[in-house]
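The values are calculated or read from the model by the stated rules, or taken from the named source; none is laboratory data. Predicted model, so just to flag it, every value in this text is computed and none were measured. For neighbour counting, all protein chains shown are included, and Cβ atoms are generated from backbone atoms with ideal geometry for every residue, glycine included. Surface accessibility is based on the protein's heavy atoms, side chains included, excluding ligands, DNA and RNA. Shrake-Rupley method; radii C 1.70, N 1.55, O 1.52, S 1.80 Å.
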Amino acid sequence: MDIRPATTTSELLAAVRLYDAPPRPEWAARFLAAGGHLMLIAYVDGAPAGFVSGIEMLHPDKGTEMCLYELSVDEPFRRRGVGRALTEALAAEARRRGCYGMWVGVDRDNDAALATYRSAGASDDGDFTMLVWEFGGAG
């Protein structure tokens, strides 16, 4: 397995099997151009097997932390350490960038995600409620 940061739109688009919906070239380009956005892709035998995306979050009185935005592993590669390796690689990159910590929101019934993140060193910080605003449309 080879894990490396995506640096081109074509790399992001080639990971199409890993997304919830087909990626759009203009969004992929915008993602890469945005400061603090990062996607690491795991390759097995040259094909994308999984990815983790992270977003640096900066606040004047806290500094920078990494938000693990999404982790995805293609079905044939699950339960083989790909998710843990991607999570650990993102944590290492966050440390390299000077982040004071990293966090991820996980549904309490997502046993696979909880096991993956815990195996990569995460600990439970307690319950919280997430509230959302939905504005409709994509973009």
Q: Test L114 against the stated conditions and say whether it is in contact with a Pro (Cβ under 6 Å, 6 or more places away or on another chain) and not aromatic (F, W, Y).
A: no
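Would you point out the residue of the stretch 82-117, among those that are among the charged types (D, E, K, R) and touching a residue at least 24 places away in the same chain (Cβ under 8 Å), that is most open to solvent (accessible area, probe 1.4 Å)? Lay out the reasoning, then the answer.
Residues of the stretch 82-117 among the charged types (D, E, K, R): 84, 88, 93, 95-97, 107-109, 111.
The next check asks that each one be touching a residue at least 24 places away in the same chain (Cβ under 8 Å); those that pass are 84, 88, 93, 97.
On the way: R84: 101, E88: 81, E93: 36, R97: 84 Å².
Restricting to residues being among the charged types (D, E, K, R) and touching a residue at least 24 places away in the same chain (Cβ under 8 Å), the top hit is R84.
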Q) Can you pull out the residues in the stretch 70-119 that are assigned to a loop (DSSP other than H, G, I, E, B), among the hydrophobic types (A, V, I, L, M, F, W, C) and touching a Phe, Trp or Tyr at 6+ places or on another chain (Cβ under 9 Å)? A) V104, V106
Q: Could you please let me know if Y69 is surrounded by 13 or more Cβ atoms within 10 Å (Cβ to Cβ), among the hydroxyl-bearing types (S, T, Y) and closer than 23 Å to T129 by Cβ?
A: yes
**Q.** Criterion (touching a strand residue (DSSP E or B) at 6+ places or on another chain (Cβ under 6 Å), at pLDDT 95 or above and of a type outside the set (S, T, N, Q)) met by exactly one of L38, L32, L13
**A.** L38
Q.
Please go through the stretch 99-118 and give me each residue that is closer than 29 Å to P23 by Cα and of a type in the set (S, T, Y), ordered by number.
A. T116, Y117
Q. Only one of G121, G83 is farther than 26 Å from V16 by Cα and under 17 Å from the mean Cα position of the chain (by Cα); which?
A. G121
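Please enumerate the residues belonging to the stretch 1-47 that are open to solvent by less than 50 Å² (accessible area, probe 1.4 Å), among the aliphatic types (A, V, I, L, M) and either part of a loop (DSSP other than H, G, I, E, B) or in contact with a His (Cβ under 9 Å, 6 or more places away or on another chain) (or both). Reasoning before the result, please.
First pass over the stretch 1-47, keeping only residues open to solvent by less than 50 Å² (accessible area, probe 1.4 Å): 6, 9, 11-12, 15, 18, 23, 28-29, 31, 34, 36, 38-44, 47.
Still in the list and also among the aliphatic types (A, V, I, L, M): 6, 12, 15, 18, 28-29, 34, 38-42, 44, 47.
Once the filter is applied, which keeps residues that are open to solvent by less than 50 Å² (accessible area, probe 1.4 Å), among the aliphatic types (A, V, I, L, M) and either part of a loop (DSSP other than H, G, I, E, B) or in contact with a His (Cβ under 9 Å, 6 or more places away or on another chain) (or both), the stretch 1-47 yields A6, A15, A34.
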Q | Selected residue (criterion: modelled with the lowest pLDDT) from residues of the stretch 118-139 that are open to solvent by 70 Å² or more (accessible area, probe 1.4 Å) and among the polar types (S, T, N, Q) | A | T129
Q: Only residues in the stretch 3-14 that are free of Cβ contacts under 8 Å to residues at least 24 places away in the same chain count as the first member; pair them with residues that are surrounded by fewer than 19 Cβ atoms within 10 Å (Cβ to Cβ) and not hydrophobic (A, V, I, L, M, F, W, C), Cβ under 7 angstrom, at least 6 apart or cross-chain, and list the lot.
A: T9/P25; L13/P23; L13/P25
Q: Return yes or no: is M57 at pLDDT 95 or above and open to solvent by 60 Å² or more (accessible area, probe 1.4 Å)?
A: yes
